[in-house]
Amino acid sequence: MAICMTIRAAGSKVHLLINKSSISWYIRMAAPSSVRFLHEKAYVNGKWADAASGKTFDVVNPSNGKKIGVVPDMDAADTQNAIQFAQTAFESWKETTAKERSVILRKWSELCIENKDELAKLLTLENGKPLAEATGEVMYGTSFMEWFAEEGRRVYGDIIPSPAKTKKILVLKQPIGVAGMITPWNFPNAMITRKACAAIAAGCTVVLKPAEDTPYSALALCELAEKAGLPPGVLNIVTCSRANAGVVGKMLCESPMVKKISFTGSTVVGKVVSILIPVYCSDFTVQGVPYKVFL
């Protein structure tokens, strides 16, 4: 059912055709508690968790400045706790086969597609992008799940010619351990699946800090990952305010249990991370977008 609305502006008429379901959605925007998958806790070791301090911070709808809800304001100690759980989970997760991991990622993707409308509404609520774009991002995010589900099956080794006639050189690729990740606000769904699914497919575990502006999309993904069969501790989400972002990021970079860092975000934080990582972490990926402007 559609409703036709006429708006008069500057002496002219503008006719808008609005779907009834869209109206109900915009009405519910004022009542975010009715939105599915909205979790006000972090996700650590397969459980919904509060900060040890009990502190929280507000998440705001950028379209109207109204409070959506709260999430835990975690600190370095909470992050260390999540890393420890991820390390423990790694010991068993690394022993799973590529096929087993692929099946879980495929199921995760299917669940996200089944719930794409609700995931998109949640994304729009906290991020502000139009609903159509949010839906597109959710589907874009599932493409990474599908891609890495199959690429994980094709992690081949190699045989290198040896200078010694009696020896063979074999190259075996193995998961490295806990991967620490920091993601931005502008693609709160797809940037997570792009990073986390690669690590999970390879047999690694993840501790991820989403942007403080958009934590709910990350937490929604955790609910569906759990339903898909992802074991506790494989994917952990640490939420924190801007005030604690530095100490949480520093802990991810400095922990000896974290063997890989993947970062996408601001230039300021990127510079700090790039200084810390080479000292403590052997492998890191920092996304940058160099460009020139000609005036």
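For the reader, a short list of remarks on this structure follows.
- Failed item in (1) out of contact with any Phe, Trp or Tyr (no Cβ under 9 Å at 6 or more places or on another chain); (2) over 22 Å from Asn236 (Cα atoms); (3) surrounded by 14 or more Cβ atoms within 10 Å (Cβ to Cβ), with Phe148 passing the rest: (2)
Residue by residue, here is whether (1) small (Gly, Ala, Ser); (2) crowded, with 21+ Cβ neighbours inside 10 Å; (3) free of Cβ contacts under 8 Å to residues at least 24 places away in the same chain holds:
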residue: Gly203; (1), (2), (3): yes, yes, no
residue: Ala211; (1), (2), (3): yes, yes, no
residue: Pro215; (1), (2), (3): no, yes, no
residue: Leu224; (1), (2), (3): no, no, no
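- Filter result for Ile182 (buried (at least 16 other Cβ atoms within 10 Å of the Cβ), under 13 Å from the mean Cα position of the chain (by Cα) and of a type in the set (A, V, I, L, M, F, W, C)): yes
- Residue that is farthest from the chain's Cα centre (by Cα) [pool: residues in segment 73-105 that are among the basic types (Lys, Arg) and assigned to a helix (DSSP H, G or I)]: Lys99
- The single residue among Gly152, Gly157, Gly128 that is of a type outside the set (A, V, I, L, M) and touching a residue at least 60 places away in the same chain (Cβ under 8 Å) turns out to be Gly128.
- Flag if Ala132 is in a helix (DSSP H, G or I), among the aliphatic types (A, V, I, L, M), closer than 19 Å to Phe37 by Cα and out of contact with any helix residue (DSSP H, G or I) (no Cβ under 8 Å at 6 or more places or on another chain): yes
- Residue list for segment 111-123, filter: touching a residue at least 24 places away in the same chain (Cβ under 8 Å) and either out of contact with any helix residue (DSSP H, G or I) (no Cβ under 6 Å at 6 or more places or on another chain) or surrounded by 22 or more Cβ atoms within 10 Å (Cβ to Cβ) (or both): Cys112, Asn115, Glu118, Leu119, Lys121, Leu122, Leu123
- Candidates Glu226, Glu137 - the one that is out of contact with any helix residue (DSSP H, G or I) (no Cβ under 7 Å at 6 or more places or on another chain), in the same structural domain as Ala51 (by TED's automatic domain parsing) and of a type outside the set (Phe, Trp, Tyr): Glu226
- Scanning segment 233-244 for residues that are surrounded by fewer than 23 Cβ atoms within 10 Å (Cβ to Cβ) and either in a helix (DSSP H, G or I) or not assigned by TED's automatic domain parsing to the domain that holds Gln84 (or both) returns Arg242, Ala243.
- Residue list for segment 245-295, filter: among the polar types (S, T, N, Q), farther than 14 Å from Ile83 by Cα and either in a loop (DSSP other than H, G, I, E, B) or modelled with pLDDT of 95 or more (or both): Thr264, Ser266, Ser282, Gln287
- Output for segment 26-52, where each listed residue is among the hydrophobic types (A, V, I, L, M, F, W, C), modelled with pLDDT under 95 and not in a loop (DSSP other than H, G, I, E, B): Ile27
- Taken over segment 156-215, the residue count meeting the criterion of being part of a helix (DSSP H, G or I) and not charged (D, E, K, R) is 11.
The values are calculated or read from the model by the stated rules, or taken from the named source; none is laboratory data. As the structure is a computational prediction, the values presented were derived from the model and not from experiment. Ideal geometry is used to build each Cβ from the backbone, glycine not excepted, and the neighbour counts take in all protein chains shown.
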